[in-house]
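> Sharing a structure, written as structure tokens. Questions coming.
What follows draws every value from the coordinates through simple rules; no lab data is involved. Given the structure is predicted, the values throughout are model-derived calculations rather than measurements. All Cβ positions, even for glycine, are placed from backbone atoms using ideal geometry, and neighbour counts span all protein chains on display.
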């Protein structure tokens, strides 16, 4: 069973309800996967992420079911933006809570995104941040015109403070304006600057700066910068129960949302695993290459009781990636997130060649994977 407790309707589920649902999963030898609760919908305030992690662990304990904490981040919200030392300390304190639950009998593992940004989708256009109004008005141009009206701006500000646009709420996401860099605008003075920098230069509140930027160019293109620090990622990676997750789908290089808010796939779709190997293996040496590959393959396959996957041996399915260790890397393009990585030459899925010399062959040999009902080996 999976839950998404920051999203409608899952965000309204109470702990007791989740415990009863997860108890059913136990009868089938299943797992509880959770995008744990980091935002309280009943009271918009500073994120109490640690409470959400503890809730997930408590659900696993009371239901007697194995738990997977999806895309784990620090359980602490720190103001102002923390130093690397404080990032490391907050990650270690988060792991202490998990380790204590393990000592108490909770069978829990977690996964992390090997990048400083995350999400299933990303917004190329600044207008996409105001998705409810963009959908209502139907186009970026119409939204841009509406933002020239004070009453419309006041309506949006009121909605933000009421918690209807959490990305822009000053308590829930105080650093949003520092994370968004303008990379495309008809006025050169904005290019290469974050919303926060533009706001400071013009003596404005960041939300007013956002409105002004959009009012002057509806097609403003943005790039999402760092959300969290490298020390947090490295600290989690060193934990023996850490696996790798991308929090995205299998998108093609051409997918885009045709209508408002015009989302695109997150760059992690294409580059997060190459980044893991480039940065945390080849450059930072946080993990050995062998251990990184295990975290990506045999470890999750054994944990989730998936037969004959994640290993290269007689009788196993032939799922093989052939890459150049010295060149494998993500490709960063601030205006176009749909970039294939470097250094991956061949990919074989179920014994069929799907990538040859870096190009997709068009083959689609994938299949639905089911886990064993019997208890699997320990990862």
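> Please report the antiparallel percentage of the DSSP beta bridges confined to the chain, to the nearest 5.
60 percent
> What list do you get for 128, 250 if you sort them by fewest beta carbons within 10 Å?
With the fewest neighbours first, 128, 250 line up as 250, 128.
> Using the beta-carbon distance between residue 360 and residue 308 and R0 = 25 Å, what value does 1/(1 + (r/R0)^6) give for FRET efficiency, to the nearest 0.05?
That pair, residue 360 with residue 308, gives E of 0.50.
> Something else: Just to confirm the number: angle between the C-alpha axis of helix 150-161 and the first principal axis of the chain, 0 to 90 degrees, nearest 10?
30 degrees
> Counting DSSP beta bridges with both partners in segment 288-362, what percentage is antiparallel, nearest 5?
Looking only at bridges with both residues in segment 288-362, the antiparallel portion is about 100 percent.
> Take every Cα pair under 8 Å in the chain that's 6+ residues apart, average their separations, divide by the length, and report that relative contact order as a whole percent.
Computed over the chain, the figure is 15 percent.
> If you don't mind, another one. What FRET efficiency do you get for residue 332 and residue 8 if R0 is 41 Å and r is their Cβ-Cβ distance, rounded to the nearest 0.05?
About 0.80, to the nearest 0.05.
> Length gain on complete extension for the stretch residue 100 to residue 116, per 0.36 nm per residue less the alpha carbon to alpha carbon distance?
Full extension of this stretch gives 3.1 nm more.
> Could you work out how far apart the two model spin labels at residue 86 and residue 240 are, taking each label as a point 7 Å from the Cα in the direction of the beta carbon, and quote it in nm?
3.2 nm
> Under a point spin-label approximation (7 Å from Cα along Cα-to-Cβ), what is the residue 21-residue 204 distance to one decimal in nm?
4.2 nm
> Now for a different question. Which whole-number percentage describes the relative contact order of segment 238-287, with Cα contacts under 8 Å and a sequence gap of 6 or more?
Worked out over segment 238-287, it gives 32 percent.
> Something else: Fewest first, what order do 67, 311 take by the number of other Cβ atoms within 10 Å?
If I rank by nearby Cβ atoms, fewest first, I get 311, 67.
> Tell me, 255, 176, 36, 133 in order of fewest to most beta-carbon neighbours within 10 Å?
In order of increasing Cβ crowding within 10 Å: 255, 133, 176, 36.
> Within segment 214-235, whose backbone N sits under 20 Å from a point 7 Å along Cα→Cβ of residue 189?
214-222
> For the pair residue 225 and residue 150, what calculated FRET efficiency results from E = 1/(1 + (r/R0)^6), where r is the Cβ-Cβ distance and R0 = 41 Å, to the nearest 0.05?
Using R0 = 41 Å, I get an efficiency of 0.85.
> Here's a follow-up. Find the relative contact order for segment 121-224 and round it to a whole percent, using C-alpha pairs within less than 8 Å whose residues are 6+ positions apart.
35 percent
> On to the next question. Segment 263-335 to segment 190-262: how many Å between their Cα centroids?
24 Å
> Between the helical axis of 15-26 and the dominant principal axis of the chain, each derived from Cα atoms, what acute angle in degrees is found, rounded to the nearest 10?
With rounding to tens, the tilt is 30 degrees.
> Could you work out [θ]222 nm for the chain from helices alone, using -39500 (n - 2.57) per DSSP H run of at least four and dividing by all its residues? Round to the nearest 500 deg cm²/dmol.
-9500 deg cm²/dmol, from helical runs alone.
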